[in-house]
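To start, the structure itself, in structure tokens.
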Amino acid sequence: MIQSINFPVAQSCIAPYGDWDKLEKRIRALGLDGVEAIWDPDEIDDRFPARLMTGCHMLFYPDWLDFYRQDVAALMRKFGSWDMVETVYRGRDTAQFVEQFRFDLDRAVSLGAKYLVFHVSDVSLEEAYTYRWLHDDYAVLDGAIEIINDLLKGVEPTFDFLVENQWWPGFTFTDPAKTEYLLSRINFPRVGIMLDTGHLMNSDTSIRSQADGVEYVLRRYREHGELGKAVLGMHFHQSVSGAYVRRNTGAVPEDFPTDYFAAFFRTYPHIESIDRHRPWTIPACARIVDEVAPKYLTHELSVSPKRPQLAATKRQMTAIRKGLALI
């Protein structure tokens, strides 16, 4: 099993560690194999060493389907002008949009990534508060399938291409029929799933504890039967946020900004309160690792001064190790 941490390849993110060599020493000391890299397109650090890369989390836009479909009415309602649309999506048309993913893919392959991760979900700022969806799962799945097949056409299968579940419309890993629909329509011989345990927990607001989360993740995994073999990777973290969701969703706040970027920065802490990316601390979490037996395990934990990433990773790895010793 290849173990990594998630890490943005950006100068501002590596600066607290000194440089990439110093980060490498610290993650090797934890027994990790490298990092699952994600590039900030506005702050790419070309000094990132290929030896550190295990996989690549591809660029993602939370709200992208209306732009991909060029739904002008929806875009004007959300962004107000085409200038803002172009600023947000770094382009004006579908071809320019897909090209950004192609650039990400080419760079990852050139650095020897063992796997790539692709989000299959769509949610607007408004929906993050209302929980009333503008698009259904199949609309999002179909759009993602088009992009993925366009992106991978003619590409040598030197890596695993993994679709990641969210709790927003799209791929949620809560319905085996929809999981099969997605996987069977991707034209690539090495397609699989990156099962995000925290995102899966977010799909059930009745979860009240980490123990509840373990049982829920295992139940959803077992429901998938043979499809479970497609789970090649896991983003491992826990998110017990149901109480927050019940208190803070249902309507857009009355004082919500009309400017898109002001609204975005207002929404970001709300999303973090839903999708917590906290470390598993109970040994029972090892039951998930043991049963799924992923090829890739990424400790995808939040990064902040109050919750240092490597300390949180060590805590989670300790919980897994204790749990495996009991199995």
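Do we have GLY198 as in a helix (DSSP H, G or I) and closer than 24 Å to HIS57 by Cα here? Here the answer is yes, as GLY198 does meet what is asked. Among residues of segment 191-215 that are in contact (Cβ under 8 Å) with a residue 40 or more places away in the chain and farther than 21 Å from SER121 by Cβ, those with a beta-carbon under 8 Å from a residue that is surrounded by 23 or more Cβ atoms within 10 Å (Cβ to Cβ) and among the aromatic types (Phe, Trp, Tyr) at least six positions away or on a different chain give the pairs GLN210/TRP280.
Right, PHE60: out of contact with any Lys or Arg (no Cβ under 9 Å at 6 or more places or on another chain) and closer than 17 Å to ILE147 by Cβ or not?
Numbers: out of contact with any Lys or Arg (no Cβ under 9 Å at 6 or more places or on another chain): yes; closer than 17 Å to ILE147 by Cβ: yes.
Against the criterion (out of contact with any Lys or Arg (no Cβ under 9 Å at 6 or more places or on another chain) and closer than 17 Å to ILE147 by Cβ), PHE60 qualifies.
Within segment 214-270, the residues that satisfy the criterion of being among the polar types (S, T, N, Q), assigned to a loop (DSSP other than H, G, I, E, B) and surrounded by 14 or more Cβ atoms within 10 Å (Cβ to Cβ) are SER239, SER241, THR249.
Residue under question is TYR68, and the condition is that it be more than 16 Å from ALA113 (Cβ to Cβ), touching a helix residue (DSSP H, G or I) at 6+ places or on another chain (Cβ under 6 Å) and surrounded by 12 or more Cβ atoms within 10 Å (Cβ to Cβ); does it hold? Judged against the criteria, TYR68 is a match. Being crowded, with 19+ Cβ neighbours inside 10 Å, touching a residue at least 24 places away in the same chain (Cβ under 8 Å), in contact with a helix residue (DSSP H, G or I) (Cβ under 9 Å, 6 or more places away or on another chain) and more than 19 Å from GLU36 (Cβ to Cβ) is a property that PRO176 lacks. PHE103 falls short on exactly one of the conditions (1) without any contact (Cβ under 8 Å) to a residue 24 or more places away in the chain; (2) farther than 27 Å from SER4 by Cβ, and that condition is (2). Against the test of being touching a strand residue (DSSP E or B) at 6+ places or on another chain (Cβ under 6 Å) and either surrounded by 14 or more Cβ atoms within 10 Å (Cβ to Cβ) or outside any helix (DSSP H, G or I) (or both), the options PHE60, PHE97 yield a single qualifying residue, PHE60.
Is it the case that some residue within segment 111-129 is closer than 21 Å to VAL191 by Cβ, out of contact with any helix residue (DSSP H, G or I) (no Cβ under 6 Å at 6 or more places or on another chain), modelled with pLDDT of 95 or more and of a type in the set (Lys, Arg)? Among the residues of segment 111-129, at least one is closer than 21 Å to VAL191 by Cβ, out of contact with any helix residue (DSSP H, G or I) (no Cβ under 6 Å at 6 or more places or on another chain), modelled with pLDDT of 95 or more and of a type in the set (Lys, Arg), which makes the answer yes.
Filter segment 155-173 for residues that are closer than 15 Å to LEU227 by Cα and not acidic (Asp, Glu); which is surrounded by the fewest Cβ atoms within 10 Å (Cβ to Cβ)?
Start the filter on segment 155-173 by keeping residues that are closer than 15 Å to LEU227 by Cα, which leaves 162-165, 171-173.
Still in the running and not acidic (Asp, Glu): 162-163, 165, 171-173.
Details: LEU162: 26, VAL163: 27, ASN165: 27, PHE171: 26, THR172: 21, PHE173: 27.
Among them, the one singled out is THR172.
Can you find even one residue in segment 7-28 that is in a loop (DSSP other than H, G, I, E, B), within 29 Å of PRO294 (Cα to Cα) and either at pLDDT 95 or above or aromatic (Phe, Trp, Tyr) (or both)? Before the answer, list the steps.
The initial filter retains those residues of segment 7-28 that are in a loop (DSSP other than H, G, I, E, B), namely 10, 18-19.
After this cut, where a residue has to be within 29 Å of PRO294 (Cα to Cα) as well, the list is 10.
So of that shortlist, the ones also either at pLDDT 95 or above or aromatic (Phe, Trp, Tyr) (or both) come out as none.
Checked segment 7-28: no residue is in a loop (DSSP other than H, G, I, E, B), within 29 Å of PRO294 (Cα to Cα) and either at pLDDT 95 or above or aromatic (Phe, Trp, Tyr) (or both).
Filtered by the rule that a residue be part of a helix (DSSP H, G or I) and more than 20 Å from the chain's Cα centre (by Cα), segment 32-54 gives ALA50, ARG51.
Would you confirm whether any residue within segment 145-154 is within 24 Å of PRO294 (Cα to Cα), in contact (Cβ under 8 Å) with a residue 24 or more places away in the chain, surrounded by fewer than 16 Cβ atoms within 10 Å (Cβ to Cβ) and within 19 Å of the chain's Cα centre (by Cα)? Looking for residues that are within 24 Å of PRO294 (Cα to Cα), in contact (Cβ under 8 Å) with a residue 24 or more places away in the chain, surrounded by fewer than 16 Cβ atoms within 10 Å (Cβ to Cβ) and within 19 Å of the chain's Cα centre (by Cα), one finds none in segment 145-154, hence no.
The values are calculated or read from the model by the stated rules, or taken from the named source; none is laboratory data. The shown structure was predicted, so the numbers you read here are calculated from the model rather than taken from an experiment. Neighbour counts run over all protein chains shown; Cβ positions are idealised from the backbone, glycine included.
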